[in-house]
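Trainee: Dropping the structure in here first, questions after.
The values are calculated or read from the model by the stated rules, or taken from the named source; none is laboratory data. Keep in mind that this is a model prediction, so the values were computed, not measured. Glycine gets a Cβ as well: all are built from the backbone with ideal geometry, and neighbour counts include every protein chain shown. With ligands, DNA and RNA removed, areas are computed over all heavy atoms of the protein, side chains included. Shrake-Rupley method; radii C 1.70, N 1.55, O 1.52, S 1.80 Å.
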Amino acid sequence: MKSFLFSLAATTALVSPAFAEMLELEKDELTFGFIKLTDMAPLAVAYENGYFLDEGLFVTLEAQANWKVLLDGVIGGQLDGAHMLAGQPLAATIGFGTEAHIITPFSMDLNGNGITVSNEVWEMMKPNIPHEDGKPVHPISATALAPVVEQFKSEGKPFNMGMVFPVSTHNYELRYWLAAGGLHPGFYSPDNITGQINADVLLSVTPPPQMPATLEAGTIHGYCVGEPWNQQAVFKGIGVPVITDYELWKNNPEKVFGISAEFAEANPNTTIAVTKALIRAAIWLDENDNANRPEAVEILSRAEYVGADYDVIANSMTGTFEYEKGDKREVPDFNVFFRYNATYPFYSDAVWYLTQMRRWGQIAEPKSDDWFDEVAKSVYRPDIYLDAARMLVDEGLANEAEFPWDSDGYKAPTPAADIIDGIEYDGRAPNAYLESLPIGLKGAQTVVGAEVKG
């Protein structure tokens, strides 16, 4: 736990000129939750660099045991906000799982995940993967995994993989990769929330820090998780990352900062102040071609934050990624915190998550394109974000050119070349997008028992 609990008078030497223009805060003592992953970095940096203090905020950061505990803390008011899976505010708002109106004024990062398989599975996959100069050609398609899964089936053994939460990016990314390679990751239904209906590969929840040990124990044969838990498998010599989510979908949205709609309504100035501090942290993390990343790695390696070895975190956080041991490659955008408008909460990002919920049956019934748009706009709040950004620009703490002031909240379609299955994504046309995906629910289809109807 980290906390600033001393008086404002004691902090005058730490604060910036922006302090004089501070908002009138409704609440200045706040507790935020996080999970021990490198993409919680904006919270740690905003704390350690004094950006929260600059806004008059006395913040406590508390690691949470798992994503459900974290969400329940925000809903119950024990936490004022948290580092969240992007799917959590959306799922809660539409009533999948715990029902509550959660919003996000700030997207925490792009990319940052990987899919890792056990050494045994990797050796079975390798003959199916093209090589060049003795090294596997990336990106690696799940078509290379399909014969392995078939062999497990023929021997009567289930093929199990781990992801971190049913509405996590990791669940949807792992499903996307598998489906793009012709493997069915399973459906959900109102009567069966395992997500394993008709599955070729059985996905189940494992908390991120437990992924490597669960893989080593043989309970799962692979997993999708954020860093540093893919690189940890490499360091321990127990597994091989086969693909990063940057290769799966270039510059895909990752975590968000979530607060309850009730908190935002009761504390509008505090919400803007928090967003200002987080934007500053994101700028710092990416500025000068990631020059501050080694310092960020040192912060994250501390026990109160991620608590993994410096070298493990640095393996991906400083612009490289190691696949097989010794096969380290340049991936400068593996972690992006501010570039490419990473912090702006785009409606199109929200819509993609909702399409994946519909694709796999978490949203059981068909929805109109207007419904996707309305839900996105009720959860993602670029208006709050831009209010905070405008203040930072006026205070000389951010550059005006670095924010999408005129955006309607929708990105240009993601080109087919940037996605593993070669299918373009346009957030303005969610049902047409669902129709274009060969595996998954579309149109009026529903899952009844073990069958797709409609």
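Trainee: Can L85 be described as open to solvent by less than 10 Å² (accessible area, probe 1.4 Å) and over 16 Å from R280 (Cα atoms)?
Mentor: It is true that L85 is open to solvent by less than 10 Å² (accessible area, probe 1.4 Å) and over 16 Å from R280 (Cα atoms).
Trainee: Could you figure out which of (1) in a loop (DSSP other than H, G, I, E, B); (2) farther than 24 Å from I94 by Cβ isn't true of A364?
Mentor: Of everything listed in (1) in a loop (DSSP other than H, G, I, E, B); (2) farther than 24 Å from I94 by Cβ, A364 misses just condition (2).
Trainee: Scan region 359-367 and give yes if some residue there is in contact (Cβ under 8 Å) with a residue 60 or more places away in the chain, among the aromatic types (F, W, Y) and under 14 Å from A41 (Cα atoms), otherwise no.
Mentor: no
Trainee: Moving on to the next point. Which one of these does Y410 not meet: (1) outside any helix (DSSP H, G or I); (2) buried (at least 17 other Cβ atoms within 10 Å of the Cβ)?
Mentor: Here Y410 clears every test but (2).
Trainee: Please state which of the following conditions L392 fails to meet, knowing it meets all the rest: (1) open to solvent by 10 Å² or more (accessible area, probe 1.4 Å); (2) on the phi < 0 side of the Ramachandran plot.
Mentor: Against the list (1) open to solvent by 10 Å² or more (accessible area, probe 1.4 Å); (2) on the phi < 0 side of the Ramachandran plot, L392 comes up short only on (1).
Trainee: I need the full set of residues from region 251-301 which are open to solvent by less than 10 Å² (accessible area, probe 1.4 Å) and of a type in the set (S, T, N, Q), in order please.
Mentor: N252, T270, T271, T275
Trainee: So, one more: What number of residues within region 316-340 satisfy the criterion of being farther than 16 Å from L285 by Cα, surrounded by 15 or more Cβ atoms within 10 Å (Cβ to Cβ), out of contact with any Ser or Thr (no Cβ under 7 Å at 6 or more places or on another chain) and of a type outside the set (S, T, Y)?
Mentor: The total comes to 3.
Trainee: Spot the failing condition for T343; the list is (1) in a helix (DSSP H, G or I); (2) hydroxyl-bearing (S, T, Y); (3) closer than 30 Å to M391 by Cα, and only one is missed.
Mentor: (1)
Trainee: Report, ordered by the first and then the second residue, all pairs with beta carbons closer than 9 Å, sequence separation of six or more or different chains, a first member in region 91-110 that is touching a residue at least 60 places away in the same chain (Cβ under 8 Å) and part of a strand (DSSP E or B), and a second member that is among the hydrophobic types (A, V, I, L, M, F, W, C) and open to solvent by 50 Å² or more (accessible area, probe 1.4 Å).
Mentor: Short answer, once both residue conditions are applied: I102/I75.
Trainee: Among the listed residues K367, K442, which satisfies the condition of being over 25 Å from Y246 (Cβ atoms), touching an Asp or Glu at 6+ places or on another chain (Cβ under 7 Å), buried (at least 18 other Cβ atoms within 10 Å of the Cβ) and modelled with pLDDT of 95 or more?
Mentor: Result of the check over K367, K442: K442.
Trainee: If you check L386 against the conditions, is it open to solvent by less than 40 Å² (accessible area, probe 1.4 Å) and hydrophobic (A, V, I, L, M, F, W, C)?
Mentor: Yes: the conditions hold for L386.
Trainee: Here is a further query. Tell me, please, whether a residue that is among the acidic types (D, E) and over 30 Å from A100 (Cβ atoms) can be found in region 205-228.
Mentor: Checked region 205-228: at least one residue is among the acidic types (D, E) and over 30 Å from A100 (Cβ atoms).
Trainee: When you scan region 108-117, do you find a residue that is over 23 Å from T38 (Cα atoms) and surrounded by 14 or more Cβ atoms within 10 Å (Cβ to Cβ), even just one?
Mentor: No, the conditions are met nowhere in region 108-117.
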